[in-house]
Structures are given as C-alpha cells and as structure tokens.
Amino acid sequence: MKLSKKLISSFNKANTILVVSKWPYKKEANSYHGVAVYTQETLSTVAKKTGQKFVVLVQNEYGRDIHLSTNRNILIIPTFNPGLSLYPQLIRMLSKFSKINTYHIHSEFYNSGEVLQMGLMIPFINYLKLIGKNISFFAHNVIDNFDFIANLLGIKKTHPFLIGLEMLVPWYYKLLTFAVKKVVCLDESVKNKLKKYINENKLLSIPIWVYPKPENAKVRQEWRKKLGYKQDDLVLMVFGFVSKYKGIDWLAKTIEQNHFNKNVKLLIAGGPAPSHAGKNHYQAFYKQLQNLADTNSKIQLTGFIDKKDLKGYFAATDLVVLPYRGILGSSASLSSTLTYQKPFLLSDKLIPYLDNSDFTETLDELSVDKNDLSFKISRTNFLKTINQLDKKALKNLTKLSKRLASKRSPENRLVHERASLYSAQNSPVLIQWRGAKILQKAFAK
C-alpha cells in the first residue's frame, strides 16, 4: 500500500491519535515482545470498540509494508531505523500529519538500551511541544539503579559508566518529561520510582490490559503429551525473552541441583532477547542455559514460541514462576500469565507489583496473604515453597489469577481510560515556536 495523499488526508485530522511504538509483524516470531504486543492489543481493542483512529509509526524492519488494521481505523507506517537518522526520519513522517494534536510516545520504540537514542528523546519531545502537540509518554521501563542489570549489560556494577548513568538518571527523567502532559506507567512500582523525579500530578498509573482465555482440558492433555510431561509432573514455567535479570539461570540451577518431594520440571518458554542477542556476553549466557537444558531432563528450553502455540504451553503448565532479580517495569510475562489464568509465584524482588490497587483489592477479597505469592531468591526457601505447594494452594492461586484478570480486562478498564488516554485532545499550548513550525514544513517537502 502506498502512502497516498488521499490516505494521509483520511487520517490527518485533529481527532486522530498518533503513536510512536513497536508493532508485531506476523511473519517474525521475535517481533512479538512486550511493547509491540501491548500497543497492538490495546489500540486494536480501542479502535474496534470506539472507532477511534490511530496512525502508528513503527520501526522499518522485516520488509513490512504500510497497511491498515482493525476496520481500517489503524494506519501502520514503517518509518524509522535505529541510529542517528532515527529522529529526522520520524519528524519527516510526523510533518505529513500536521493536523494531529495528540501523540503517544512509547519509551522503547527503538532498540532497548541505546544510550544516545535515549538521550536524543529529550530534544525530540521538546520539539513536539514547541509545535503544539499534546504528548503522553509511556514509560515501559524505568531504571534508577543499575546493580541488578549490570550482568545483562556485560559490565561490572562498579564500572564508571554505570555510576555516571545513575547520577544522570534524575536529570534525564526531569528533562524528558518537562514537555509531556502525562507520563503513563503500566505498574504502580514504576510510578513510585518516577515520582521521585516528576510531579506526581503528571503520572498516570494503569495496568496492562488482560484478555482472559479460559483453559481447555483437552488442550492441556494434548500439550502435556506433546511436551513429554507425565500426569504427576509439577511443571513450572518461566515465560518471555530469556534475560539474566529475570533470574532464569538461578532458577534452572536450583531445579538442577535440588531434590523436591515432587517430580518438578522446568519449562523455559522463550528465546533470546532481540536487543541483546548479538552481544558476546549474552550469547555466552544463553549457551550455558541451553547446555544445561540439553543435559538435564528436568529442564526444557523452547526458543521462540509462535503466538498460536502460547495457549498450549500455558495449558501444559501447573505454575508460572517469575524469579526476577529486580523490577525494570511492568511485566508482560505476568500479564500473559493472567491472560491464561494460571497460578503464579513472584520473587520477593517483585513484591512492589502487589501495591497496585486491583492487586490489593483482590488479595483482600480472597483473604490471600502477600507471602503466599512470593519466595526469596534462595535455594532453601524456594525448595521449601515448592515442597509445601499442594492442590489446594494451586487452586487458591488460580482463583486469584482469574479474579485479577477480570479486573484488568478491557471491559473493566476501557471505561476508566477512554477519556484520560484514548480520546484525541486539543493542544494546551498557547504559544508555538515559529522556528519549529518552519522546520516542520521543511521536512514535509
């Protein structure tokens, strides 16, 4: 499809919302990661239920084409490549939709962890403000302490680079959000980090929407057999891209080196993290995990999972475990767990997730203690937690998962978020810098 004048005209309106984010590509399994899936599912639901129009600018990868989605209400345009040309490419495309006032900018629309591109986000957002745009910034990940992800980056915690970054963090978030009307946090833990640096009135905390899918006994039986699990096996699963900060290596070694009072199996359902797959230290980490899975019958590493097979892997699972060493942002893995209404356990590092109001309400309604949902990152404690797990406990955890999934479903969330987030708004800017307007017209040519 070509970006014709007629197509541009049909979307270039004040009541359209322009989004800069990632978007899954059906021919590439590794494009189905957190930010991309979140954007697709949320915008598609809003567009379908309300008729709201969106223009979505995405990374120019996989050879994908411009196309329309969801009753022709969403226009997806491959626009930018990571690198120094990223922001000029974006501005050039934005200039074609000059009548759109409402912008949603997702923090990880480019490859994660690129420091220069993160820094250039500040002048980019301020430029949008100067030409009169109303901006909501989606903070998917917020890092203000680099200790637990140093290994992910392949450097020591005491490296001057990390120390310098930590010193810049407060200024980065203050400058980044100065020109933003709303900072959208997909978890209360992220909001609590940011309110140290940003006026709390700007912060909007919303959970990732969940699309509940009830389990099918036939599918469970089929996939248990397909994956080689026996009826009395207790299958623990970690789901999502394999990263060291998620504690997957610790869990795998714990399963390998300890003897439980059950036939415990570990299903590592995911493949290499795309943003780190090309780095030597990450390749060494992933290879070690692969070798452990190849030599131990209790551990299985799947690699990338096709979206259509997700229901099978979750159906075959008895308990989802999130052994994270710390919090970067909201957990897409937890949201997927709620989608398939599976019981779960969190490491004690993830206890701040329980501070979300819907989580607190659900715990109170079911008289569940926080300690029933968590374990310490300690072999002894994890061994005790799993050994004490019985059918009644799994049933109670499943009930909690179902209740929480219902609270986070679009049917219960859209009414709250439609007015504040998913409706186009007039720009509050009274003065627009003439130079920025001239620059915008120059890019449009």
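For the chain, which whole-number percentage of the solvent-accessible area (1.4 Å probe, protein heavy atoms only) is attributable to carbon and sulfur atoms?
Carbon plus sulfur share of accessible area: 52 percent.
I'd like to check one number: the per residue accessible area of region 197-334, probe 1.4 Å, reported in Å² as a whole number.
Heavy-atom SASA per residue in region 197-334 reads 45 Å².
Give the residue from P78, S95, A14 lying farthest towards the positive end of the charge dipole for region 1-108; charges sit on Cβ (+1 for Lys and Arg, -1 for Asp and Glu) and the dipole is referred to the Cα centre.
Checked the options; the winner is A14.
Please compute the alpha carbon radius of gyration of region 290-391, then divide it by the globular-protein estimate 2.2 N^0.38 Å. Two decimals is fine.
Taking N as the residue count of region 290-391, the ratio is 1.17.
Picking from Q388, Q341, Q300, which is most flexible by a Gaussian network model of the chain using Cα springs under 10 Å?
The residue that fluctuates most here is Q388.
Quick check: with the 1.4 Å probe, what order do M167, M237, M118 take by accessible area, largest first?
M167, M118, M237
Can you give me the Cα centroid spacing of region 253-311 and region 1-71 in angstrom?
So the separation of the two Cα centres works out to 32 Å.
Just how much of Y353 is accessible, in Å², when a 1.4 Å probe is used and the result is rounded to the nearest 10?
Solvent-accessible area, nearest 10 Å²: 0 Å².
Please get the size of the charge dipole for region 25-102, origin at its Cα centre, with Cβ charges of +1 on Lys and Arg and -1 on Asp and Glu, quoted in debye to the nearest 20.
Taking the Cα centre of region 25-102 as origin, the dipole is about 340 debye.
With a/c under 1.5 counting as rounded, go ahead and sort region 1-46 into rounded, prolate or oblate using the C-alpha gyration tensor (a ≥ b ≥ c being the square roots of the eigenvalues; past the cut-off, prolate if a/b is larger than b/c, else oblate).
Oblate, because a/c is 1.5 or more while a/b does not exceed b/c.
Using a ≥ b ≥ c from the Cα gyration tensor of region 344-409 (square roots of the eigenvalues), is it rounded, prolate or oblate, where a/c under 1.5 gives rounded and otherwise the larger of a/b and b/c decides, a/b for prolate?
In terms of gyration-tensor shape, oblate.
Please name whichever of Y422, I66, S406 sits farthest to the positive end of the charge dipole of the chain, dipole taken about the Cα centre and charges placed at Cβ: Lys and Arg +1, Asp and Glu -1.
Of the options given, the answer is I66.
Would you mind listing how long region 68-225 runs along its three principal axes, going by Cα atoms, in whole Å with the largest first?
Result for region 68-225: principal-axis Cα extents of 56, 48, 33 Å.
Quick check: with the 1.4 Å probe, what order do K196, K6, K279 take by accessible area, largest first?
K6, K196, K279
By accessible area of protein heavy atoms, probe 1.4 Å, what ranking do K399, K246 get, highest first?
So the residues, ranked largest to smallest area, are K399, K246.
What shape does region 141-236 take by its C-alpha gyration tensor, where a ≥ b ≥ c are the square roots of the eigenvalues and a/c under 1.5 counts as rounded, a/b above b/c as prolate, and the rest as oblate?
Here region 141-236 falls in the oblate category.
Can you give the Rg/Rh ratio of region 1-123, where Rg is from the C-alpha atoms and Rh is the Kirkwood radius?
Result for region 1-123 is an Rg/Rh of 0.94.
Pairs of Cα atoms under 8 Å, at least six residues apart: use those to get the relative contact order of the chain, whole percent.
18
Ratio of alpha-carbon Rg to the 2.2 N^0.38 Å globular estimate for region 67-143, to two decimals, please.
In units of the globular-protein estimate, region 67-143 measures up at 1.15.
Expressed as a rounded percentage, what relative contact order does region 136-231 have, with Cα pairs under 8 Å and six or more residues apart?
29
What translational diffusion coefficient, to the nearest whole µm²/s, does region 177-291 have by Stokes-Einstein, given a Kirkwood radius computed over alpha-carbon pairs, a temperature of 10 °C and 1.306 mPa s viscosity?
Once the numbers are plugged in, D ends up at 88 µm²/s.
Please figure out what share of the DSSP beta bridges in the chain is antiparallel and state it in percent, rounded to the nearest 5.
Taking every DSSP beta bridge with both residues in the chain, the antiparallel ones total about 10 percent.
Note down the magnitude of the dipole of the chain about its Cα centre, charges +1 on Lys and Arg C-beta and -1 on Asp and Glu C-beta and zero elsewhere, to the nearest 20 debye.
Here the size comes out at about 1400 debye.
Using only the alpha carbon atoms of region 230-378, find the Kirkwood hydrodynamic radius as the inverse mean reciprocal pair distance, in angstroms to one decimal.
16.1
The values are calculated or read from the model by the stated rules, or taken from the named source; none is laboratory data. Quick caveat: nothing in here was measured; it's all calculated off a predicted structure. Reconstructed Cβ throughout: ideal geometry from the backbone, glycine too, with neighbour counts over all protein chains shown. Please note that ligands, DNA and RNA were not included when accessible areas were found on the heavy atoms of the full protein model with its side chains. Shrake-Rupley method; radii C 1.70, N 1.55, O 1.52, S 1.80 Å.
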